[in-house]
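The values are calculated or read from the model by the stated rules, or taken from the named source; none is laboratory data. Since the model is a prediction, treat every value here as computed from it, not as a measurement. FYI the Cβ positions are ideal-geometry reconstructions off the backbone, even for glycines, and counts take in every protein chain you see.
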């Protein structure tokens, strides 16, 4: 079984959009990957597209080195080295079966083989293959792009070995970072059979009710507990051509479904497809981006116009209610919102109830696909319960009761415990402050959870945390956040106001207390669980913990130079201390701080010197808290390296790098001033304490400079930095 033998070698056959994306993400996770396509030119071109993709496919540029490229004429024998062969060629049964005929002689007898397909029945693909092949063969429906979307539908056939299906599911969860739902081998599985129907239904209803693109997206986005991409933006992201192909496949393969006609193309889609306006990849679909402005399609003229603000008074009346109550009340509204929901939401929930036994093993699986794959706050059956089945015209008992879901035989089944997928709301609050709460994670481990917006750190938070740590006997804990990000850094408005009032003593005190808080964290057995953003003072506090456990998509860095400052809460000192093994490394880190570079991933942050050997990347997006607690159970307080006095060429090395960056125009004169201040701390501090003091002195000196004021003001007013 894969998870028992530690599979590390994967061969992906097919270098199209999905195949190259899967190969890239497997390389991200440390697998040795072979990527094959029909010709060497095809696979090389696909690989280059993956390397240059936006958003990026790879965690770091060097990750792509884990992929070996080949073609199916000269290199098909490489398949024999693979623990898992993932086929991802064109969605045609004849082409897939022909490939399997060529592949099978090269397969190891213990290798798994899967087909990545968005909707073809898996059982029709393995016809004519050996018993061993069919036992080890199943469908893997990755979502695009694989790096960013965690759902995977695993589709066995009646001939798939059940033990291998279980092993494959565990392997994909543990080593490939997926949330796996085992789906039935029916056209489109769960995600495309139901999700695509909902996407088409949203457009049909919009056209029927003469609602605009932005009006529909205002209703079907966050108001309905769904992503901001809502309906029409989601269509552009998926691609209208992809939607058409999936719909045509479903129409041809589901002739007895009485609701399948919803997948006939709406008029607007017909018009857009005819023009080649197929969505984001073509530059325009229902939306078109011009510079930073998003234009909207006008259904009357099929021209693009400025996006209009949508102001349905009824939305603001109910949008703060819990989702179920919000939708229940919205269904009774006598305006466009209520009318749209009655024509769209009610039929879509009834359709889920109609499909459930045909395409899924349980309502729990069905809901998880829509929650994990489409980002819905509630799957359709949880939503039916929340609104009320009777209100929707559905004759059904509740689908959920407590921690159980209703099986198709009417009995209630306990939802299996999955301790590796715990989240903060699963744990009780022990105490609550103004800026954080303390939760009990069990086993003697607490969780200090920041509660400010974006985890922003303020002097009040620093004082509250210092008071708590000095009085509490809590010695083992996880430092994390309940916001959308771990921490966006220190409250910039505090510095702006203090500078305006020339309260430099208040700034110095705030920095001293922030440094002291970091030292208190160092004295405890604590682990920082970071995600989203870990910036500025947030990173300084995280580095004060013995370990940082970072979600794989966390942006990490010290961007203070963007606002004309340097890190003042031990950031410069800690990076100097942890990277002092060579002058070359210290020079590189000094330039990173000068540029205010933010790494897009923890793996990239490690190359920049922001992370230490003890810090860990968690590649499964839902296992962060579990891994943080696991490490906290055995963590010991930080033992900072002894301070090394730097002798030799460090000053000259940094000066040379600054001069060259200035000559290239990469850094302004003021950036160079910041760089020289960092150089002084790195090269002229003989002790840890002296370095801390210099951080504060240089920080306060910068606070008195007009260019710093301009950078801070521009960031506060515009949300982006200015070069001056």
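Going by the structure shown, is residue 344 surrounded by fewer than 20 Cβ atoms within 10 Å (Cβ to Cβ) and either farther than 20 Å from residue 226 by Cβ or over 27 Å from the mean Cα position of the chain (by Cα) (or both)? Taking the combined requirement at face value, the residue does not satisfy it.
This table checks each residue for (1) closer than 25 Å to residue 183 by Cβ; (2) out of contact with any strand residue (DSSP E or B) (no Cβ under 7 Å at 6 or more places or on another chain).
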{"residue": "59", "(1), (2)": "no, yes"}
{"residue": "79", "(1), (2)": "no, no"}
{"residue": "82", "(1), (2)": "yes, no"}
{"residue": "89", "(1), (2)": "yes, no"}
{"residue": "99", "(1), (2)": "yes, no"}
{"residue": "111", "(1), (2)": "yes, no"}
{"residue": "114", "(1), (2)": "yes, no"}
{"residue": "118", "(1), (2)": "yes, no"}
{"residue": "123", "(1), (2)": "yes, yes"}
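Restricting the search to segment 228-252, which residues are over 31 Å from the mean Cα position of the chain (by Cα) and buried (at least 17 other Cβ atoms within 10 Å of the Cβ)? Matches in segment 228-252: none. Would you check if there is a residue in segment 556-576 being surrounded by fewer than 21 Cβ atoms within 10 Å (Cβ to Cβ) and over 20 Å from residue 526 (Cβ atoms)? Looking for residues that are surrounded by fewer than 21 Cβ atoms within 10 Å (Cβ to Cβ) and over 20 Å from residue 526 (Cβ atoms), one finds none in segment 556-576, hence no.
Residue check: is residue 154 in the same structural domain as residue 21 (by TED's automatic domain parsing), part of a strand (DSSP E or B) and surrounded by 19 or more Cβ atoms within 10 Å (Cβ to Cβ)? When the stated conditions are applied, residue 154 passes them. Restricting 437, 430 to those that are assigned to a strand (DSSP E or B) and either out of contact with any strand residue (DSSP E or B) (no Cβ under 8 Å at 6 or more places or on another chain) or loosely packed, with under 14 Cβ neighbours inside 10 Å (or both) reduces the list to 430.
Every residue, every condition in (1) surrounded by 23 or more Cβ atoms within 10 Å (Cβ to Cβ); (2) assigned to a strand (DSSP E or B); (3) under 20 Å from the mean Cα position of the chain (by Cα); (4) not assigned by TED's automatic domain parsing to the domain that holds residue 112, yes or no:
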position	(1), (2), (3), (4)
129	no, no, no, no
138	yes, yes, no, no
145	no, no, yes, no
169	no, no, no, no
172	no, no, yes, no
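Looking at this structure, is residue 628 under 19 Å from the mean Cα position of the chain (by Cα), outside the structural domain of residue 574 (by TED's automatic domain parsing), crowded, with 20+ Cβ neighbours inside 10 Å and closer than 14 Å to residue 542 by Cβ? So residue 628 fits the description; yes. Counting only helices (runs of 4 or more DSSP H) that sit wholly inside segment 334-400, those with at least 2 residues that are touching a strand residue (DSSP E or B) at 6+ places or on another chain (Cβ under 9 Å) are 363-368, 380-387.
Would you be able to say whether some residue in segment 611-621 is in contact with a helix residue (DSSP H, G or I) (Cβ under 8 Å, 6 or more places away or on another chain) and assigned to a helix (DSSP H, G or I)?
no
For segment 64-96, a residue qualifies if it is modelled with pLDDT under 95 and surrounded by 17 or more Cβ atoms within 10 Å (Cβ to Cβ), and exactly one does: 91.
If you go through segment 557-585 and pick out every residue that is touching a helix residue (DSSP H, G or I) at 6+ places or on another chain (Cβ under 6 Å), part of a helix (DSSP H, G or I) and within 14 Å of residue 597 (Cα to Cα), you end up with 5. For beta carbons closer than 8 Å, sequence separation of 6+ or different chains, a first residue in segment 40-54 that is under 14 Å from residue 68 (Cβ atoms) and a second that is loosely packed, with under 14 Cβ neighbours inside 10 Å, the qualifying pairs are 40/74.
Which of (1) in a loop (DSSP other than H, G, I, E, B); (2) touching a residue at least 40 places away in the same chain (Cβ under 8 Å) is the odd one out, the single condition residue 255 does not satisfy? With (1) in a loop (DSSP other than H, G, I, E, B); (2) touching a residue at least 40 places away in the same chain (Cβ under 8 Å) applied to residue 255, the lone miss is (2). Within segment 698-720, the set of residues being assigned to a helix (DSSP H, G or I) and loosely packed, with under 14 Cβ neighbours inside 10 Å comprises 706, 716, 717, 718.
Would a scan of segment 545-556 turn up a residue that is assigned to a helix (DSSP H, G or I) and in contact (Cβ under 8 Å) with a residue 24 or more places away in the chain? Among the residues of segment 545-556, not one is assigned to a helix (DSSP H, G or I) and in contact (Cβ under 8 Å) with a residue 24 or more places away in the chain, which makes the answer no. A Cβ distance below 7 Å, combined with a sequence gap of six or more or placement on separate chains, defines the contacts here; from segment 653-675, residues that are assigned to a loop (DSSP other than H, G, I, E, B) reach residues that are surrounded by fewer than 13 Cβ atoms within 10 Å (Cβ to Cβ) in the pairs 668/723. From the list 125, 120, 103, the one residue that fits, being assigned to a loop (DSSP other than H, G, I, E, B) and under 21 Å from residue 38 (Cα atoms), is 125.
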